[in-house]
Amino acid sequence: MKKKNTNSEKRESRLFYLYTSPFILGFIIFTLYPVVYSIILIFTNADMTGTGEFVGLANIKKAFTGDPLFYKSLKNTLYFVVVSVPLSLVVSFLVALLLNHKKIKGMGIFRTTFYIPYITAGVAVTLLWGWIFNAQYGLINYVLSFFGITGPNWLSDGNWAMPAIIIMGLWTIGNTIIITLAGLQDIPEQLYESAAIDGASRLTMVTRITLPLATPTLFFNLVMGIIGGFQVFMQPFVLTQGGPNYATYTYMMHIYNNAFKYGEMGYASTLAWILFIIILIITLIVNRTSKYWVYYEN
Amino acid sequence: MQVNVAIKETTLNHYKNKRKVETINLIISYIILSLLALVFIFPFLWMISTAFKVPSEAYTIPPKLIPKTFTLDNFIQGWQYADFTRYTWNTIIVTVLATLGAVFSASFVAYGFARFKSRYSNILFTIVLGTMMLPNQVLLIPTYILFSKLGWLDTLKPLIVPSYFGGGAFNIFLLRQFFKTIPVELDQAAKIDGANSFQIYFKILLPIIKPALMTVAVMSVAFHWNDFMTPLIYLNSDEHFTLALGLQFFQNSYGSSQVQMLMAVSLITVIPLLILFFIGQRYFVQGITMSGLKG
């Protein structure tokens, strides 16, 4: 009896490895090996083919002391994250709040409308925004002219190029809206009902019920926003090529240029790991603060 | 008695006022939502409008939403400026093959995690979740060197093949959840009828989790259709470009002076995504909601 049991256990274990083998292989080839390899690359001056010599800590030293673009691109990326992440959190929370009203009819249509930009967010709509931001014929400056404002040269103005990219990013927050909305819809109806009996106003309900109970969703969106924000690449690459005068030159572009333009794989790997550590530290800090503001049921 | 009536009246008034306030609230909500919806949709209208304009009308102040003369020239000429038919074909190949890989590979692995146990199955599943946290940028460079050693640079393979190795951690996670909702008795009944584990996976369980597979599929299609960075890194020659890359190339060479053509071609590349979205909307929403769940 016992022997049969171990046999079937063995069989089950074999099947487990059989079915999970694509992942195990993929993990070794496309995750484990690259991670180890890129750590080794940090200490080399490898070129595009991966061949190079051991250079010790030279790459790390170069990033912090010999590469002004390292700081410039990091600063630009921080600017993007610090402005765009909170903005998109607040906007998507407010929109989700409006959509969560149970008497809103045509919710599906609104949801679709807010979501479509996110689905289509690629080079095509990025080019569309390039046209919208066109200083002379663009839509935004035309709309601004109604209010007597002469719009800036957006993408070719060092002060306005990054805000333009942030504005474009706000247009694609559809998925954050839907995640937030799903979070709001999970809040039990009885809470609002009993609050209403106690005579609570709508504002009180939002600040005392909706907002606290939505904090886990907001926390998730915040972390995902930070991780995604630090990797912003396509929009500045397509719209401004990092210009004017490096005003929209992001960290990811710096990695891309060093790796695939200059073929400095060792240095680019170093930059990638520095970015990873920065994201990790910030995420950990955010996670640490979560106990003060994120509501957990138990 | 009189006091009672008075109380009744005040509560009634209170209710009336409250309903009034609620109606006003609702109207304000509608107005704000409609304005927002307009902001979200207007860029597309602008894209469509520009795509149908003659050059002289595309570059005018004040801009007009409805063109005076409609023209299809932008679509025809723009399409021929670069080899967009080729780019479309490449994009379809990548999207279809990568999506098939993701759907089958992820469901295969998820089936393993949902139905079989081993000493290390928990650890391995933790690794699956862990790879979701791992940032793409540290993997990018060594993976590039790996593909270059395989001689796969400037081919579509780096864009397709990885999908067949597990199909993405999030997809495995999502499909495993769905497999777990199906009672094991179903497997056992099929086993008694003589089905092997692969037949149970392929013929019995896959059809049941079809909605979840659709979720994986639509999200994968949208991702690969839009993906810019991977093609940018791996593809060099024009004949292998995807649409995302082709559009960027077009903009660099002619786009800034031919915005009506740029918008026309961009519009064509967005339409398949819009169709996909309208067909598969509920799957998208499901996928997004699930991605929030893991947090």
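Where a number appears in this text, it was derived from the coordinates with a stated rule and is not lab data. What you see is a predicted model; the values in this text were computed from it and never measured. Don't worry about glycine lacking a Cβ; one is built from the backbone with ideal geometry, like all the others, and counts go over all protein chains shown.
What's the ranking of B:104-110, B:25-31 by average number of surrounding C-beta atoms within 10 Å, highest first? Each step should come with its number before you reach the end.
Values: B:104-110: 25.7, B:25-31: 13.1.
Going by the mean number of other Cβ atoms within 10 Å, highest first, we get B:104-110, B:25-31.
I need the peptides B:241-250, A:230-239, B:130-139, B:280-289 ranked by packing, meaning the mean over residues of other C-beta atoms within 10 angstrom, with the highest value on top.
Values: B:241-250: 24.9, A:230-239: 22.2, B:130-139: 16.8, B:280-289: 19.5.
Highest to lowest by the protection proxy: B:241-250, A:230-239, B:280-289, B:130-139.
Do the sum for chain A: with -39,500 (n - 2.57) for every DSSP H run of n ≥ 4, divided by all residues, what is the mean residue ellipticity at 222 nm, to the nearest 500 deg cm²/dmol?
The per-residue figure over chain A is -22000 deg cm²/dmol.
Please give the average number of partner chain Cβ atoms lying within 10 Å of the Cβ of each residue in A:170-178, rounded to a whole number.
Numbers: counts 1, 3, 1, 1, 3, 7, 2, 2, 7.
Across the residues of A:170-178, the mean count of other-chain Cβ atoms within 10 Å is 3.
Suppose each label sits 7 Å from its Cα in the direction of the beta carbon; what would the B:Tyr81-B:Arg282 distance come out to in nanometres?
Placing both labels 7 Å beyond Cα along the Cβ direction yields 4.2 nm.
Mean residue ellipticity at 222 nm from the helices of chain B, using -39,500 (n - 2.57) per DSSP H segment of n ≥ 4 over the full residue count, to the nearest 500 deg cm²/dmol?
-24500 deg cm²/dmol
Distance between the C-alpha centers of segment B:124-178 and segment A:150-216? Whole Å please.
Centre-to-centre (Cα) distance: 33 Å.
For A:Thr44, what residues show an amide H to amide H distance below 5 Å, using hydrogens built from the backbone and excluding near sequence neighbours?
HN-HN under 5 Å from A:Thr44: A:Val55.
I'd like the FRET efficiency for B:Leu38 and A:Glu9, computed as 1/(1 + (r/R0)^6) with the beta carbon distance as r and R0 of 60 Å, rounded to 0.05.
0.45
Within 10 Å of each Cβ of B:225-235, how many other protein chain Cβ atoms are there on average?
4
Between B:Ile93, B:Ile192, B:Ile271, find the one with the highest GNM mean-square fluctuation for chain B; connect C-alpha pairs within less than 10 Å.
Top of the fluctuation ranking is B:Ile192.
How many Cβ atoms of partner chains, on average, are near each residue of B:28-37 if near means within 10 Å of its Cβ?
For this peptide, the per-residue mean of nearby foreign Cβ atoms is 5.
Per-residue counts of other Cβ atoms within 10 Å, averaged by peptide: what ranking do you get for B:216-226, A:44-54, A:89-99, highest first?
Listed from highest to lowest mean packing, they are B:216-226, A:89-99, A:44-54.
Which whole-Hz ³J(HN,Hα) couplings does segment B:185-198 yield from phi under the Karplus relation 6.51 cos²θ - 1.76 cosθ + 1.60, θ = phi - 60°, glycine and proline marked x?
4, 4, 4, 5, 4, 5, 5, 4, 6, x, 7, 8, 4, 5
For the pair B:Leu100 and A:His101, how long in nm is the line joining their label points, each one 7 Å along Cα→Cβ?
4.9 nm
Taking amide H positions as placed in the peptide plane 1.01 Å from N, state which residues far from B:Ile182 in sequence (5 or more) or on other chains have amide H under 5 Å from it.
none
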